[in-house]
1. Out of the residues in the range B:214-253 that are in a helix (DSSP H, G or I) and of a type in the set (D, E, K, R), state the one that is farthest from the other protein chains (Cβ to nearest Cβ).
2. Out of the range A:159-193, which residues are more than 19 Å from A:Leu143 (Cα to Cα), crowded, with 19+ Cβ neighbours inside 10 Å and either within 16 Å of ligand 3 (Cβ to nearest atom) or of a type outside the set (A, V, I, L, M, F, W, C) (or both)?
3. Would you check which residues across the range B:254-276 are over 13 Å from the mean Cα position of the chain (by Cα), touching a residue at least 60 places away in the same chain (Cβ under 8 Å) and within 14 Å of chain A (Cβ to nearest Cβ) and list them?
4. Could you list, in sequence order, the residues of the range A:191-246 that are within 16 Å of ligand 1 (Cβ to nearest atom), more than 9 Å from chain B (Cβ to nearest Cβ), not in a strand (DSSP E or B) and not polar (S, T, N, Q)?
5. Give me a count of the residues in the range A:395-419 that are within 35 Å of the chain's Cα centre (by Cα) and buried (at least 16 other Cβ atoms within 10 Å of the Cβ).
6. Residues to consider are A:Ala87, A:Ala199; find the one that is within 16 Å of ligand 3 (Cβ to nearest atom), touching a strand residue (DSSP E or B) at 6+ places or on another chain (Cβ under 6 Å) and without any contact (Cβ under 8 Å) to a residue 60 or more places away in the chain.
7. Restricting attention to strands (runs of 3 or more DSSP E) lying wholly within the range A:252-314, give those where 3 or more residues are surrounded by fewer than 16 Cβ atoms within 10 Å (Cβ to Cβ) and more than 16 Å from ligand 1 (Cβ to nearest atom).
8. Among the numbered conditions (1) surrounded by fewer than 19 Cβ atoms within 10 Å (Cβ to Cβ); (2) under 24 Å from the mean Cα position of the chain (by Cα); (3) at pLDDT 90 or above; (4) not acidic (Asp, Glu), tell me where B:Ala93 comes up short.
Amino acid sequence: MEILFITNDSSLKIPPLEKDRITLLPSNQFNIKSAENCSAIIIDQRISETKNVLIEIRQSQSDIVALKPVFIFSHKEISDIEIQCLADGRTNLQELSEILYSADRISKLTTTLKELKTENFQTLVILRILRFLYAREMQLKPLLSPKYRYGYVYPFAISQFKDIEDFRIYEILARMEKEGLLIGNFYDRVHFCNRCHSAFMNFREICPSCKSANLSVENVIHHFRCGYTAQESKFMQGEQLICPKCNSILRHIGTDYEKPSTIFICHSCQETFQEPLVECFCFYCTNRTPVEETVSWDIKTYEISPAGINCAINGIIFSFAEFLKTQLELVEYDNFKRIVEIEIERKKRYKRDSSIGSFRVTNFQEMYLMIGERKNEIGLEMARIIKEALRTTDVITVLNESTFLILFLETPVTGANTALSRIKTNIEKLLVNNISTPDKKFLPEISIAAVKVEEFSLTNLLPE
Amino acid sequence: MEIYDFFEHTKNFLFFWKTAGMMKIFRIFWFFFVFEITRYVIFDIIVFCFYRIKKAVLRNRWEAARLKLKQQNPLVSIIAPGKNEGKHITSLAHSLSEQTYKNIEIIIIDDGSDDDTPQICRQLLREGKISKYLRNDIRGGKASAANFGLQQTKGRFIIHVDVDCSFDRDAIENILIPFFVDSRIGAVSGNVKVKNPTESVCSALQAIEYLKTVTIGRLVGSTIKTLRIISGAFGAFRKDILERIGGWDIGPGLDGDVVVKIRKIDFAIYMEPKAVCYTSPPENFKALTKQRLRWSRSLVRFRMRKHRDIFFPTANFRFSTFLGFMENMVYNVLLDIKWIVYAIDIMIHFPSTAKYIFPLNYLLYTMSNVVQFMVIISLSERKKDELKLAPYLLLMPLYIAIYMRAVRTYAYIQEFFFRVSYKDPWNPRKVSEKAEELRI
Ligand SMILES: [Zn+2]
Ligand SMILES: [Zn+2]
Ligand SMILES: [Zn+2]
């Protein structure tokens, strides 16, 4: 394995390696071409261009270069968050062998990827994220950094942006999850400034009338014998509590008096209130906003889904559900449910025999991995098969990547089952013939079910 | 057959009284002629006429007062203490937001509700429909809640309202004007009427009762300066005076108590019939009985125990206050005992004629009610609506003379001999225990 070591320290003694070769390169001689032919790169953190070199590599037009394993040569932990995000890790002369295995694995996986061309920045970002995750076989875990405006930063994912503090990354990751390319798992919930998205905000209680934070809170005292009820300071006379209304001494809580609540007092405007507003003050842009108006965001860890892997390898974003939506005039699930409810009502009156069927490819993840470049063709064919088996009045919705629900109007369950079986047989044939490769045969697993429309429920239709 | 019977009875009835003669009628119904007619009809009409004349004479002064109110435009704090009144709060806030007088702050005091009051109030607060929402997680009783609210007010005038009330658009404006007519006025009572009066017999009867006791009764009391109560439902106070008397003392009966205290420091109480407020009355006779037992017990507790000093010529003694008290005692306590004596009297002395006596008695009371009702209608701002209550006048003697008297007498006995009010869950236990210990 050819390793490029960018350093200006010529005194470094590289220990001998078995099958790998390390070439030292002074930083002023580095150009992006020199990165192309090596399998991994090590950058000496002591050179002044570390960050620039890293960015240049990661933002390279060429996937091969951008995805290269890059390590930082340093004896200390890396403190710069940007370097942390762009590099694969840290190494030094003693730990050199430890990175070789992972570098080898990354570069092998990278070479199987097809080069992609895209003009669209978002698409580029999405594909690069998928490829980083695929080639590194890793989960995308947010790093916590007090120096980073949003608090949590996603390594690699932000590598394509000019500015590491680009909020679009959060939106892109959320979109990728929605499209089934990533599988998200809740990690933390954060609140961003609604003006600059900064996560560094001061939450404090303020006076609802003058917005000052100069508040104090006091107990409310209720004097039983005279009914006088006011804040504690009105009763305070030295160490004693004396009722200002009836002048008697409050000796015993529970028998003489009680403290039924607390009250806030604003020292700027003397207003009293029990429920202060909670305000957020943004340290970045000095924006002041009520806490309800901050942007609440779920930070997640992400792993790549089978659809995402397919997309990483083949370089094209594809989702069957999305594709079929355009081909079949699918309705949204919520609308589908409403139509079903209406149909149940109508059925009560007109005694019609409508039914609902489900169609599910249970091993769709495997299918996505194998589908390759013919997906559009296969998608079109699938749409044709489904269309042929249904009538124009039937209503279809897609529940997720692999599951379709169909409302068969004025069709009894037996009729629905016939149609579903026809779809199943034809799609099985289509997938077996078109997805299988010479070395691996794809056997689709398709389950179908149908019930009367009034018995509609997901558990009825999709038993585990 | 039945119709024939009815005519026969009527004939007998008329014949009986015709032969009996006026003197005998007076002998049997002396009580009605001496007390009821003079007090509730003749006296009321005279005072009412006096009120109208006075008002007409002083018209310019009232107009000047209205102008002064508008010029000074003082901040008015409306406090509404209550527990578990969630369902009423929105309509209260709504009717207050419609007021012609705009410089108001609305403070809701939640005395330990466990219904949806907090959610409703927070919503109203966000919408700016109320100014402040205060809550005691532990219930302290109505006086404590009102005092807590009073502490947090900023207005020059305080208006105490019940949460289950709603108001005519000019109610706040009208209740404030008397303060600008006479600087000796320390508090003004609003005119409380019953919401949806013709919904049930129970509410219709209460509606007529309120018209009799509040609209006319308090107007008369106010005119002859013996008014002894300001409805908790709708009463306005000068804040400086409320603070001087230390706000509300523990209830029940705190509405009357606060008036006594204001009178004791030499300020006048006024009733403004044009400040109209609608209250939601108890919906059935069971709830009504419970409410009235509590009210009546408080009479004993406050008149005869807490404020005994009114009956004695001390430094604070005022003749009109004394008179008001005496009238209240006589017409409520003594007359209740009297009607038992009266019934026994009839039974002993005129046993065979009881069947003639009671119908005539009923007729006389109904007639006096009709006369009084006509006076009320002449004053009413919604004559047409209130005229619809007229048929229910036929039931009023039953309601007032039998039902109310029975409830009242029972309550007096309970309180006088058994001090029941100290056990009423209307006040939290800890408060009642303290009150009983202190004999207040
Ligand atoms: Zn303030
Ligand atoms: Zn006290
Ligand atoms: Zn900001």
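The values are calculated or read from the model by the stated rules, or taken from the named source; none is laboratory data. These numbers were taken from a predicted model, which means no experiment stands behind them. All Cβ positions, even for glycine, are placed from backbone atoms using ideal geometry, and neighbour counts span all protein chains on display.
1. Step one: of the range B:214-253, the residues in a helix (DSSP H, G or I) are B:214-223, B:239-244.
Then drop every residue that is not of a type in the set (D, E, K, R), which leaves B:218, B:239-240, B:243-244.
Values: B:Arg218: 25, B:Lys239: 15, B:Asp240: 15, B:Glu243: 9, B:Arg244: 10 Å.
Within the range B:214-253, the match that is farthest from the other protein chains (Cβ to nearest Cβ) is B:Arg218.
2. Result: A:Glu179, A:Gly180, A:Cys193.
3. Once the filter is applied, which keeps residues that are over 13 Å from the mean Cα position of the chain (by Cα), touching a residue at least 60 places away in the same chain (Cβ under 8 Å) and within 14 Å of chain A (Cβ to nearest Cβ), the range B:254-276 yields only B:Val258.
4. A:Cys207, A:Cys210, A:Lys211, A:Ala213, listed by residue number.
5. First, pick out the residues of the range A:395-419 that are within 35 Å of the chain's Cα centre (by Cα): A:395-407.
Filter once more, keeping what is buried (at least 16 other Cβ atoms within 10 Å of the Cβ): A:395-399, A:401-407.
So the answer is 12.
6. Working: A:Ala87 fails: within 16 Å of ligand 3 (Cβ to nearest atom).
Checking each option against the conditions leaves just A:Ala199.
7. Details: elements: A:257-266, A:277-282, A:288-290, A:295-304.
The qualifying strands (runs of 3 or more DSSP E) are A:295-304.
8. All conditions are met except number (1).
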